[in-house]
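The values are calculated or read from the model by the stated rules, or taken from the named source; none is laboratory data. In this text, all values refer to a predicted model and were calculated from it rather than measured experimentally. No Cβ is skipped: glycine too gets one built from the backbone with ideal geometry, and neighbour counts run over all protein chains shown.
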Amino acid sequence: MSGILEGVKVLDFGRYIAGPFCGALLADYGAEVIRIERVSGSEDRFVTPVTEDGQGAMFLQLNRNKLGLTLNPTKEEGKEIVKRLVERSDIVIANLPEPTLKSMGLDYENLKSINPSIILTSNTAFGTTGPYSERVGFDGVAQAMSGAMDMTGDSEQPTKAYAPYVDFCSASLAAFGTLLAFIERQKTGKGQRVQTSLLQTALTTTNSLLIEQEILNVNRSASMNRAQTSGPSDTFKTKDGWILVQTVGQPLFERWVNLMGEDEWLNDKRFKDDLSRGENGHLISERMSQWCEEKTSQEAIKELEKFRIPVGEVLKASETLNEEHITKNGSFIKMEYPTMDKSFSVVGPAVELSENPGKIKFRSPELGEHNQEILTNLGYNQEEIDELKLNRII
(Lines give C-alpha, C1' and ligand atoms only; values in the text may rest on other atoms or scores of the structure.)
Protein backbone atom coordinates (compact mmCIF):
# COMPACT_ATOMS: atom_id res chain seq x y z
CA MET A 1 0.00 0.00 0.00
CA SER A 2 1.36 3.44 -0.92
CA GLY A 3 1.66 6.05 1.80
CA ILE A 4 -1.03 8.68 2.35
CA LEU A 5 1.29 11.41 1.06
CA GLU A 6 2.63 9.34 -1.84
CA GLY A 7 3.45 11.67 -4.75
CA VAL A 8 3.90 14.76 -2.56
CA LYS A 9 7.36 16.23 -3.14
CA VAL A 10 9.11 18.14 -0.36
CA LEU A 11 12.38 20.09 -0.24
CA ASP A 12 13.79 20.19 3.27
CA PHE A 13 16.28 23.02 3.85
CA GLY A 14 15.80 22.63 7.60
CA ARG A 15 18.43 22.69 10.30
CA TYR A 16 18.64 21.05 13.71
CA ILE A 17 15.11 19.94 14.79
CA ALA A 18 12.19 22.24 13.97
CA GLY A 19 12.60 21.93 10.19
CA PRO A 20 13.98 18.40 9.81
CA PHE A 21 11.42 16.79 12.14
CA CYS A 22 8.61 18.47 10.19
CA GLY A 23 10.06 16.86 7.06
CA ALA A 24 10.42 13.50 8.81
CA LEU A 25 6.76 13.53 9.82
CA LEU A 26 5.74 14.04 6.20
CA ALA A 27 8.20 11.43 4.96
CA ASP A 28 6.91 8.82 7.42
CA TYR A 29 3.54 8.99 5.67
CA GLY A 30 4.84 8.66 2.15
CA ALA A 31 6.05 12.08 0.98
CA GLU A 32 9.26 12.18 -1.05
CA VAL A 33 11.50 14.44 1.01
CA ILE A 34 14.87 15.67 -0.20
CA ARG A 35 17.08 16.90 2.63
CA ILE A 36 19.32 19.66 1.24
CA GLU A 37 22.43 20.63 3.15
CA ARG A 38 25.74 22.39 2.73
CA VAL A 39 28.39 20.83 0.51
CA SER A 40 30.49 20.06 3.58
CA GLY A 41 27.44 18.98 5.58
CA SER A 42 25.04 21.06 7.62
CA GLU A 43 25.89 21.68 11.26
CA ASP A 44 23.09 19.48 12.58
CA ARG A 45 24.60 16.45 10.82
CA PHE A 46 27.37 16.39 13.41
CA VAL A 47 25.52 17.12 16.67
CA THR A 48 26.14 14.37 19.27
CA PRO A 49 28.42 12.30 17.00
CA VAL A 50 27.98 8.54 17.27
CA THR A 51 29.40 7.02 14.06
CA GLU A 52 33.03 6.43 13.17
CA ASP A 53 33.00 9.44 10.82
CA GLY A 54 31.18 11.78 13.20
CA GLN A 55 27.56 11.56 12.09
CA GLY A 56 25.25 12.72 14.85
CA ALA A 57 22.48 10.95 16.75
CA MET A 58 20.01 13.76 16.06
CA PHE A 59 20.63 13.57 12.31
CA LEU A 60 20.11 9.81 12.35
CA GLN A 61 16.75 10.28 14.03
CA LEU A 62 15.35 13.26 12.14
CA ASN A 63 16.33 12.47 8.56
CA ARG A 64 15.05 8.93 8.14
CA ASN A 65 13.03 8.29 4.99
CA LYS A 66 14.74 11.20 3.18
CA LEU A 67 16.97 11.50 0.13
CA GLY A 68 20.16 13.50 0.64
CA LEU A 69 21.44 16.31 -1.62
CA THR A 70 24.37 18.64 -1.00
CA LEU A 71 24.06 22.09 -2.57
CA ASN A 72 25.36 25.64 -2.48
CA PRO A 73 22.20 27.60 -3.40
CA THR A 74 23.94 31.01 -3.30
CA LYS A 75 25.90 30.42 -6.53
CA GLU A 76 24.22 30.81 -9.92
CA GLU A 77 24.49 27.12 -10.79
CA GLY A 78 23.05 26.29 -7.38
CA LYS A 79 20.16 28.69 -7.88
CA GLU A 80 19.34 26.93 -11.13
CA ILE A 81 19.20 23.59 -9.31
CA VAL A 82 16.90 25.12 -6.69
CA LYS A 83 14.70 26.49 -9.48
CA ARG A 84 14.36 23.09 -11.13
CA LEU A 85 13.62 21.45 -7.77
CA VAL A 86 10.99 24.02 -6.82
CA GLU A 87 9.27 23.67 -10.19
CA ARG A 88 8.73 19.98 -9.44
CA SER A 89 7.89 20.31 -5.73
CA ASP A 90 4.82 20.88 -3.58
CA ILE A 91 6.40 22.00 -0.31
CA VAL A 92 9.57 23.76 0.81
CA ILE A 93 10.61 23.54 4.49
CA ALA A 94 13.14 26.07 5.78
CA ASN A 95 13.59 26.96 9.45
CA LEU A 96 15.94 29.84 8.68
CA PRO A 97 15.98 33.55 9.58
CA GLU A 98 14.17 35.77 7.09
CA PRO A 99 17.35 37.47 5.74
CA THR A 100 18.88 34.04 5.13
CA LEU A 101 15.81 32.88 3.24
CA LYS A 102 16.09 35.88 0.94
CA SER A 103 19.83 35.47 0.39
CA MET A 104 19.27 31.83 -0.58
CA GLY A 105 16.32 32.68 -2.83
CA LEU A 106 13.96 30.73 -0.57
CA ASP A 107 11.71 33.63 0.39
CA TYR A 108 8.06 33.04 -0.47
CA GLU A 109 7.85 35.71 -3.18
CA ASN A 110 10.74 34.19 -5.10
CA LEU A 111 9.48 30.63 -4.68
CA LYS A 112 5.99 31.67 -5.79
CA SER A 113 7.43 33.27 -8.92
CA ILE A 114 8.90 29.87 -9.82
CA ASN A 115 5.93 27.75 -8.75
CA PRO A 116 2.68 29.61 -7.90
CA SER A 117 1.28 26.57 -6.07
CA ILE A 118 4.30 26.09 -3.79
CA ILE A 119 3.83 25.90 -0.02
CA LEU A 120 6.64 27.40 2.06
CA THR A 121 6.81 26.19 5.65
CA SER A 122 9.21 28.17 7.80
CA ASN A 123 10.05 28.25 11.48
CA THR A 124 11.94 31.08 13.14
CA ALA A 125 12.90 31.84 16.72
CA PHE A 126 10.68 34.89 17.18
CA GLY A 127 8.50 35.15 14.08
CA THR A 128 8.91 37.51 11.12
CA THR A 129 7.38 40.62 12.70
CA GLY A 130 8.09 42.53 15.89
CA PRO A 131 11.31 43.92 17.38
CA TYR A 132 13.02 40.51 17.70
CA SER A 133 12.16 39.25 14.22
CA GLU A 134 15.78 39.10 13.05
CA ARG A 135 17.19 37.58 16.21
CA VAL A 136 18.35 33.97 16.18
CA GLY A 137 17.51 31.52 18.90
CA PHE A 138 17.21 27.93 19.99
CA ASP A 139 14.71 25.87 21.97
CA GLY A 140 16.20 26.98 25.31
CA VAL A 141 15.77 30.66 24.50
CA ALA A 142 12.05 30.11 23.97
CA GLN A 143 11.80 28.08 27.17
CA ALA A 144 13.44 30.96 29.03
CA MET A 145 11.18 33.68 27.65
CA SER A 146 7.91 31.77 27.98
CA GLY A 147 8.02 31.43 31.77
CA ALA A 148 8.74 27.69 31.60
CA MET A 149 12.33 27.88 32.88
CA ASP A 150 11.34 30.05 35.83
CA MET A 151 8.85 27.39 36.90
CA THR A 152 11.25 24.46 36.42
CA GLY A 153 13.80 23.37 39.00
CA ASP A 154 13.75 25.49 42.15
CA SER A 155 13.40 29.16 42.97
CA GLU A 156 17.18 29.58 43.29
CA GLN A 157 18.09 28.59 39.72
CA PRO A 158 15.83 28.52 36.65
CA THR A 159 16.20 25.18 34.87
CA LYS A 160 15.81 24.28 31.20
CA ALA A 161 14.17 20.99 30.30
CA TYR A 162 16.76 18.59 28.89
CA ALA A 163 14.46 17.39 26.10
CA PRO A 164 14.00 20.15 23.45
CA TYR A 165 10.21 20.04 23.60
CA VAL A 166 9.76 23.48 22.00
CA ASP A 167 11.62 22.36 18.87
CA PHE A 168 9.65 19.13 18.54
CA CYS A 169 6.32 20.84 19.22
CA SER A 170 7.14 23.55 16.66
CA ALA A 171 7.97 20.89 14.07
CA SER A 172 4.73 19.06 14.80
CA LEU A 173 2.71 22.27 14.48
CA ALA A 174 4.57 23.07 11.26
CA ALA A 175 3.64 19.67 9.83
CA PHE A 176 0.01 20.26 10.89
CA GLY A 177 0.02 23.68 9.23
CA THR A 178 1.63 22.28 6.10
CA LEU A 179 -1.09 19.68 5.72
CA LEU A 180 -3.76 22.36 6.23
CA ALA A 181 -2.17 24.42 3.47
CA PHE A 182 -1.97 21.34 1.24
CA ILE A 183 -5.68 20.60 1.77
CA GLU A 184 -6.49 24.24 1.01
CA ARG A 185 -4.42 24.07 -2.16
CA GLN A 186 -6.43 21.07 -3.32
CA LYS A 187 -9.52 23.30 -3.10
CA THR A 188 -8.11 26.51 -4.57
CA GLY A 189 -5.00 25.53 -6.51
CA LYS A 190 -3.05 28.19 -4.62
CA GLY A 191 -0.01 27.76 -2.42
CA GLN A 192 0.72 29.80 0.67
CA ARG A 193 3.21 30.41 3.44
CA VAL A 194 3.02 28.49 6.72
CA GLN A 195 4.89 29.94 9.69
CA THR A 196 5.66 28.78 13.20
CA SER A 197 8.05 30.23 15.75
CA LEU A 198 9.76 28.77 18.77
CA LEU A 199 8.52 31.55 21.05
CA GLN A 200 4.88 31.19 19.96
CA THR A 201 5.09 27.44 20.51
CA ALA A 202 6.64 27.90 23.95
CA LEU A 203 3.96 30.46 24.89
CA THR A 204 1.33 27.92 23.87
CA THR A 205 2.69 25.43 26.41
CA THR A 206 2.73 27.98 29.28
CA ASN A 207 -0.48 29.81 28.40
CA SER A 208 -2.50 28.57 31.39
CA LEU A 209 0.26 29.76 33.74
CA LEU A 210 0.21 33.15 32.05
CA ILE A 211 -3.59 33.41 32.20
CA GLU A 212 -3.55 32.61 35.91
CA GLN A 213 -0.84 35.21 36.50
CA GLU A 214 -2.70 37.84 34.50
CA ILE A 215 -6.00 37.32 36.33
CA LEU A 216 -4.92 36.41 39.87
CA ASN A 217 -1.38 37.83 40.14
CA VAL A 218 -0.24 34.71 42.02
CA ASN A 219 3.50 35.06 41.27
CA ARG A 220 4.26 31.35 41.47
CA SER A 221 7.82 30.12 41.96
CA ALA A 222 9.35 26.79 41.07
CA SER A 223 8.91 23.86 43.46
CA MET A 224 11.08 21.20 41.81
CA ASN A 225 8.88 18.24 40.77
CA ARG A 226 6.02 18.96 43.16
CA ALA A 227 2.90 20.25 41.42
CA GLN A 228 1.28 23.41 42.73
CA THR A 229 -2.33 22.85 41.71
CA SER A 230 -2.87 19.20 42.71
CA GLY A 231 -1.44 16.47 44.90
CA PRO A 232 0.13 14.08 45.36
CA SER A 233 2.08 15.00 42.25
CA ASP A 234 5.80 14.67 42.84
CA THR A 235 8.83 12.42 42.56
CA PHE A 236 9.51 10.04 45.43
CA LYS A 237 12.60 8.09 46.46
CA THR A 238 12.17 4.37 46.94
CA LYS A 239 14.57 1.77 48.34
CA ASP A 240 16.19 1.33 44.93
CA GLY A 241 15.34 4.36 42.80
CA TRP A 242 12.72 7.01 42.10
CA ILE A 243 9.12 7.06 40.92
CA LEU A 244 6.80 9.84 39.80
CA VAL A 245 3.21 9.88 41.02
CA GLN A 246 0.74 12.27 39.44
CA THR A 247 -2.83 12.77 40.57
CA VAL A 248 -5.34 15.41 39.50
CA GLY A 249 -8.96 15.56 40.65
CA GLN A 250 -10.99 14.32 43.62
CA PRO A 251 -11.48 10.67 42.55
CA LEU A 252 -7.73 10.07 42.27
CA PHE A 253 -7.07 11.82 45.58
CA GLU A 254 -9.69 9.67 47.29
CA ARG A 255 -8.09 6.51 45.94
CA TRP A 256 -4.70 7.69 47.17
CA VAL A 257 -6.13 8.48 50.63
CA ASN A 258 -7.57 4.96 50.81
CA LEU A 259 -4.18 3.50 49.90
CA MET A 260 -2.47 5.58 52.58
CA GLY A 261 -5.12 4.80 55.20
CA GLU A 262 -5.64 8.50 55.91
CA ASP A 263 -9.43 8.68 55.68
CA GLU A 264 -9.59 11.80 57.86
CA TRP A 265 -7.82 13.76 55.13
CA LEU A 266 -11.01 13.64 53.08
CA ASN A 267 -12.59 16.02 55.60
CA ASP A 268 -9.49 18.18 56.10
CA LYS A 269 -9.95 21.68 54.63
CA ARG A 270 -6.27 21.76 53.68
CA PHE A 271 -6.99 19.08 51.09
CA LYS A 272 -10.54 19.96 50.04
CA ASP A 273 -9.75 20.47 46.34
CA ASP A 274 -6.89 20.39 43.85
CA LEU A 275 -5.79 23.95 44.52
CA SER A 276 -5.77 23.39 48.29
CA ARG A 277 -3.85 20.17 47.83
CA GLY A 278 -1.33 22.01 45.66
CA GLU A 279 -0.90 24.73 48.30
CA ASN A 280 -0.32 22.07 50.95
CA GLY A 281 1.50 19.70 48.66
CA HIS A 282 4.54 19.53 50.91
CA LEU A 283 2.43 17.74 53.55
CA ILE A 284 1.07 15.26 51.01
CA SER A 285 4.54 14.65 49.58
CA GLU A 286 5.96 14.04 53.05
CA ARG A 287 3.35 11.35 53.71
CA MET A 288 3.95 9.77 50.33
CA SER A 289 7.72 9.85 50.84
CA GLN A 290 7.35 7.90 54.09
CA TRP A 291 5.29 5.28 52.29
CA CYS A 292 7.74 4.99 49.37
CA GLU A 293 10.96 4.75 51.36
CA GLU A 294 9.89 1.36 52.71
CA LYS A 295 9.38 -0.15 49.25
CA THR A 296 11.29 -0.83 46.06
CA SER A 297 10.13 1.03 42.99
CA GLN A 298 8.38 -2.02 41.59
CA GLU A 299 6.65 -2.76 44.90
CA ALA A 300 5.37 0.83 45.08
CA ILE A 301 4.25 0.78 41.44
CA LYS A 302 2.39 -2.51 41.92
CA GLU A 303 0.40 -1.16 44.88
CA LEU A 304 -0.31 2.18 43.24
CA GLU A 305 -1.55 0.40 40.13
CA LYS A 306 -4.02 -1.60 42.23
CA PHE A 307 -5.62 1.71 43.18
CA ARG A 308 -5.40 3.00 39.60
CA ILE A 309 -3.09 5.87 40.53
CA PRO A 310 -0.85 7.18 37.70
CA VAL A 311 2.77 6.27 38.36
CA GLY A 312 5.97 5.80 36.40
CA GLU A 313 9.50 4.78 37.25
CA VAL A 314 12.20 7.40 36.71
CA LEU A 315 14.48 5.65 34.23
CA LYS A 316 17.98 6.30 32.99
CA ALA A 317 18.51 6.29 29.22
CA SER A 318 20.02 2.79 29.39
CA GLU A 319 16.92 1.56 31.24
CA THR A 320 14.48 3.25 28.86
CA LEU A 321 16.06 1.37 25.93
CA ASN A 322 15.28 -1.94 27.63
CA GLU A 323 12.02 -1.16 29.43
CA GLU A 324 9.61 -4.07 28.95
CA HIS A 325 6.53 -2.16 27.77
CA ILE A 326 8.53 0.04 25.40
CA THR A 327 10.29 -2.88 23.77
CA LYS A 328 7.23 -5.13 23.54
CA ASN A 329 5.11 -2.27 22.22
CA GLY A 330 7.47 -1.90 19.27
CA SER A 331 8.29 1.74 20.00
CA PHE A 332 11.74 1.48 18.42
CA ILE A 333 12.77 0.67 14.86
CA LYS A 334 16.25 -0.85 14.67
CA MET A 335 18.38 0.70 11.92
CA GLU A 336 21.90 0.44 10.52
CA TYR A 337 24.27 3.10 9.19
CA PRO A 338 27.19 2.41 6.81
CA THR A 339 29.88 3.94 9.04
CA MET A 340 28.75 2.30 12.27
CA ASP A 341 29.03 -1.33 13.30
CA LYS A 342 26.13 -1.18 15.78
CA SER A 343 22.42 -0.88 15.13
CA PHE A 344 20.51 2.00 16.73
CA SER A 345 16.94 2.64 17.83
CA VAL A 346 14.78 5.22 16.07
CA VAL A 347 11.37 5.89 17.59
CA GLY A 348 8.60 5.01 15.17
CA PRO A 349 5.74 7.36 14.20
CA ALA A 350 3.93 8.63 17.29
CA VAL A 351 0.62 8.98 15.45
CA GLU A 352 -0.99 5.57 15.01
CA LEU A 353 -3.46 5.07 12.16
CA SER A 354 -5.55 1.93 11.88
CA GLU A 355 -5.44 2.29 8.09
CA ASN A 356 -2.26 3.07 6.14
CA PRO A 357 0.00 3.92 9.10
CA GLY A 358 3.28 5.78 8.86
CA LYS A 359 6.46 3.76 8.36
CA ILE A 360 10.19 4.26 8.70
CA LYS A 361 11.45 2.55 5.57
CA PHE A 362 15.09 3.58 5.33
CA ARG A 363 17.88 5.31 7.24
CA SER A 364 19.08 8.89 7.09
CA PRO A 365 21.26 9.59 4.04
CA GLU A 366 25.02 9.87 4.00
CA LEU A 367 26.38 13.24 2.91
CA GLY A 368 25.30 13.81 -0.70
CA GLU A 369 24.26 10.17 -1.04
CA HIS A 370 21.55 10.87 -3.63
CA ASN A 371 23.19 13.72 -5.58
CA GLN A 372 23.56 11.63 -8.71
CA GLU A 373 20.00 10.28 -8.64
CA ILE A 374 18.36 13.65 -7.92
CA LEU A 375 20.34 15.65 -10.47
CA THR A 376 19.85 13.02 -13.16
CA ASN A 377 16.10 13.27 -12.59
CA LEU A 378 16.40 17.04 -12.97
CA GLY A 379 17.90 16.58 -16.44
CA TYR A 380 21.63 16.96 -15.74
CA ASN A 381 24.00 14.68 -17.63
CA GLN A 382 27.09 13.05 -16.13
CA GLU A 383 29.50 15.68 -17.46
CA GLU A 384 27.42 18.48 -15.93
CA ILE A 385 27.17 16.65 -12.61
CA ASP A 386 30.95 16.15 -12.52
CA GLU A 387 31.48 19.85 -13.19
CA LEU A 388 29.03 20.85 -10.45
CA LYS A 389 30.95 18.66 -8.04
CA LEU A 390 34.31 20.04 -9.18
CA ASN A 391 33.10 23.60 -8.57
CA ARG A 392 31.61 22.62 -5.18
CA ILE A 393 28.09 23.50 -6.21
CA ILE A 394 27.15 20.04 -4.92
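Scanning segment 94-142 for residues that are of a type in the set (D, E) and in contact with a helix residue (DSSP H, G or I) (Cβ under 8 Å, 6 or more places away or on another chain) yields D107, E134, D139.
Scanning segment 34-50 for residues that are free of Cβ contacts under 8 Å to residues at least 60 places away in the same chain and among the hydrophobic types (A, V, I, L, M, F, W, C) turns up I36, F46, V47. Quick one: count up the residues across segment 34-88 that are out of contact with any Phe, Trp or Tyr (no Cβ under 8 Å at 6 or more places or on another chain), in a loop (DSSP other than H, G, I, E, B) and crowded, with 22+ Cβ neighbours inside 10 Å. The number of residues fulfilling the criteria is 2. Would you point out which residue out of A222, A161, A227 is without any contact (Cβ under 8 Å) to a residue 24 or more places away in the chain and closer than 22 Å to Q246 by Cα? Selected residue: A161, the only one of A222, A161, A227 that is without any contact (Cβ under 8 Å) to a residue 24 or more places away in the chain and closer than 22 Å to Q246 by Cα.
Filter segment 371-384 down to the residues that are surrounded by fewer than 18 Cβ atoms within 10 Å (Cβ to Cβ) and either assigned to a loop (DSSP other than H, G, I, E, B) or hydrophobic (A, V, I, L, M, F, W, C) (or both) and list them by number.
We begin by selecting, within segment 371-384, every residue surrounded by fewer than 18 Cβ atoms within 10 Å (Cβ to Cβ); these are 372-373, 376-379, 381-384.
Hits for segment 371-384 are L378, G379, N381.
Filtering segment 303-310 for residues that are of a type in the set (F, W, Y), more than 30 Å from V347 (Cα to Cα) and part of a helix (DSSP H, G or I) leaves an empty set.
Restricting to segment 127-163, name every residue that is surrounded by 15 or more Cβ atoms within 10 Å (Cβ to Cβ) and among the basic types (K, R). Correct list: K160 only.
Check whether at least one residue in segment 248-262 is among the small types (G, A, S) and closer than 22 Å to E313 by Cα, and report yes or no.
Start the filter on segment 248-262 by keeping residues that are among the small types (G, A, S), which leaves 249, 261.
Narrowing further to those that are closer than 22 Å to E313 by Cα: 249.
Among the residues of segment 248-262, at least one is among the small types (G, A, S) and closer than 22 Å to E313 by Cα, which makes the answer yes.
Only one of the numbered conditions (1) under 30 Å from E313 (Cβ atoms); (2) in contact with a strand residue (DSSP E or B) (Cβ under 7 Å, 6 or more places away or on another chain); (3) hydrophobic (A, V, I, L, M, F, W, C) is violated by L209, and that is (2). Scan segment 257-281 residue by residue and report those that are part of a helix (DSSP H, G or I) and touching a Lys or Arg at 6+ places or on another chain (Cβ under 7 Å). Listed by number, the residues that qualify are M260, F271, S276, G281.
Tell me which residues, restricted to segment 198-211, are surrounded by 16 or more Cβ atoms within 10 Å (Cβ to Cβ), hydroxyl-bearing (S, T, Y) and in contact with a Leu (Cβ under 9 Å, 6 or more places away or on another chain).
T201 - this is the single residue of segment 198-211 that is surrounded by 16 or more Cβ atoms within 10 Å (Cβ to Cβ), hydroxyl-bearing (S, T, Y) and in contact with a Leu (Cβ under 9 Å, 6 or more places away or on another chain).
Residues that are of a type in the set (A, V, I, L, M) and within 12 Å of Q246 (Cα to Cα) within segment 306-326 comprise I309, V311, listed in sequence order. For S318, indicate whether it is in contact with an Asp or Glu (Cβ under 6 Å, 6 or more places away or on another chain), without any contact (Cβ under 8 Å) to a residue 12 or more places away in the chain and closer than 30 Å to E366 by Cα. No; evaluated as a whole, the condition is false for this residue.
Out of E366, E299, one residue alone is assigned to a loop (DSSP other than H, G, I, E, B) and surrounded by 13 or more Cβ atoms within 10 Å (Cβ to Cβ). It is E366.
Residue count for segment 89-124 under the criterion of being assigned to a helix (DSSP H, G or I) and among the acidic types (D, E): the result is 2.
Report yes if some residue within segment 166-186 is exposed (fewer than 13 other Cβ atoms within 10 Å of the Cβ) and either modelled with pLDDT under 95 or not in a helix (DSSP H, G or I) (or both); otherwise report no. Looking for residues that are exposed (fewer than 13 other Cβ atoms within 10 Å of the Cβ) and either modelled with pLDDT under 95 or not in a helix (DSSP H, G or I) (or both), one finds none in segment 166-186, hence no. For segment 166-197, the set of residues classified as over 11 Å from the mean Cα position of the chain (by Cα), among the hydroxyl-bearing types (S, T, Y) and under 22 Å from I17 (Cβ atoms) consists of T178, T196, S197, listed by residue number. Only one of the listed residues (E87, E37) is within 30 Å of F332 (Cβ to Cβ), acidic (D, E) and at pLDDT 95 or above. That residue is E37. Would you call I326 part of a helix (DSSP H, G or I) and modelled with pLDDT of 95 or more? It is true that I326 is part of a helix (DSSP H, G or I) and modelled with pLDDT of 95 or more.
In the list S233, S197, which residue meets the criterion of being at pLDDT 95 or above and closer than 17 Å to F307 by Cα? The match here is S233.
Consider T124 carefully, then state whether it is within 18 Å of Y16 (Cβ to Cβ) and either at pLDDT 95 or above or crowded, with 20+ Cβ neighbours inside 10 Å (or both). So T124 fits the description; yes.
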